[in-house]
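Peer 1: Sending over a structure as structure tokens; questions will come in a sec.
The values are calculated or read from the model by the stated rules, or taken from the named source; none is laboratory data. Keep in mind that this is a model prediction, so the values were computed, not measured. Cβ placement follows ideal geometry from the backbone for every residue including glycine, while neighbour counts extend to all protein chains displayed. Ligands, DNA and RNA are stripped out before the accessible areas are found, and what is left, the full protein with its side chains, is counted by its heavy atoms. Shrake-Rupley method; radii C 1.70, N 1.55, O 1.52, S 1.80 Å.
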Amino acid sequence: MIYLICLAAGRGRRFGADKLLAPWQGRPLYSWGLETLAAACNRRADARLIVVTNTPAIADAARALGAEAVPSPESEKGQSFSIRAGLDALPPLQENDFLLFGVADQPLLRVETVRRLLDTAAPGVFGATVAAGDRVGSPALFSAALAPALYALEGDRGGRGVLNAHPERVLRVECDPEELRDIDRPEDLARLSPN
């Protein structure tokens, strides 16, 4: 099984408000990433989407797309707490399971890119990441064997460090550099080109 975990519990401190609810092209920002992950997941019998969020509108949208919504009561302490909330929502992992972590503030991420990343999930694969040249980004795929290392993350650390510890074992799925753009500040959203 591949568990896609969408991290949508951030507070958007640099944005100055809940950035995931900010409008972009007539829709809330979160809806773009959430719908991309759901579309990639829904075409596979071996995938399940879990959305980590404390925002009722995002939880409702996740359920409407067939995903499970789980809260992250301590997400204000950093990304590692949201990662743990997602991991806590999973059944016991099997050896050949995979975890895909994605974020909700990447509105230009394409469904096809996520599908190609999911296609790397095979026995013997350590992990995989989307990349554009030298730049790597989210989402990223982790074998079940890496779950303890993800669970041990602290503070505002994400899973990138887990993969970076073994770069020679991480597969790369090339994508358009624009797909890696995430939104941290209002000016990032204002500069975002329509997809």
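Peer 1: Being open to solvent by 10 Å² or more (accessible area, probe 1.4 Å) and within 23 Å of Tyr30 (Cα to Cα) is the requirement here; does Gly137 meet it? Even if it seems obvious, please write down each step before you answer.
Peer 2: Details: open to solvent by 10 Å² or more (accessible area, probe 1.4 Å): yes; within 23 Å of Tyr30 (Cα to Cα): yes.
Answer is yes for this residue.
Peer 1: Let me ask something else about it. With the condition kept exactly as written, say whether any residue in segment 117-124 is among the hydroxyl-bearing types (Ser, Thr, Tyr) and over 13 Å from the mean Cα position of the chain (by Cα).
Peer 2: yes
Peer 1: Is there any pair linking a residue in segment 128-139 that is under 20 Å from Asp97 (Cβ atoms) to one that is of a type in the set (Phe, Trp, Tyr) and buried (at least 19 other Cβ atoms within 10 Å of the Cβ), with Cβ under 8 Å and at least six apart or on different chains, and which?
Peer 2: The qualifying pairs are Ser138/Phe101; Pro139/Phe101.
Peer 1: I'd like to check something: does segment 143-157 contain any residue that is surrounded by 18 or more Cβ atoms within 10 Å (Cβ to Cβ), in contact with a strand residue (DSSP E or B) (Cβ under 8 Å, 6 or more places away or on another chain), closer than 23 Å to Leu20 by Cβ and not aliphatic (A, V, I, L, M)?
Peer 2: Looking through segment 143-157, none of the residues is surrounded by 18 or more Cβ atoms within 10 Å (Cβ to Cβ), in contact with a strand residue (DSSP E or B) (Cβ under 8 Å, 6 or more places away or on another chain), closer than 23 Å to Leu20 by Cβ and not aliphatic (A, V, I, L, M).
Peer 1: Let me ask you something else. Could you please let me know if Ser31 is in a helix (DSSP H, G or I) and among the small types (Gly, Ala, Ser)?
Peer 2: Yes: the conditions hold for Ser31.
Peer 1: Just to be sure I understand, how many residues within segment 159-195 are touching a strand residue (DSSP E or B) at 6+ places or on another chain (Cβ under 9 Å), touching a residue at least 40 places away in the same chain (Cβ under 8 Å), open to solvent by less than 90 Å² (accessible area, probe 1.4 Å) and not in a strand (DSSP E or B)?
Peer 2: Number satisfying all stated conditions: 13.
Peer 1: In contact (Cβ under 8 Å) with a residue 12 or more places away in the chain and touching a Phe, Trp or Tyr at 6+ places or on another chain (Cβ under 8 Å): is that true of Asp156 in this structure?
Peer 2: Criteria not met by Asp156.
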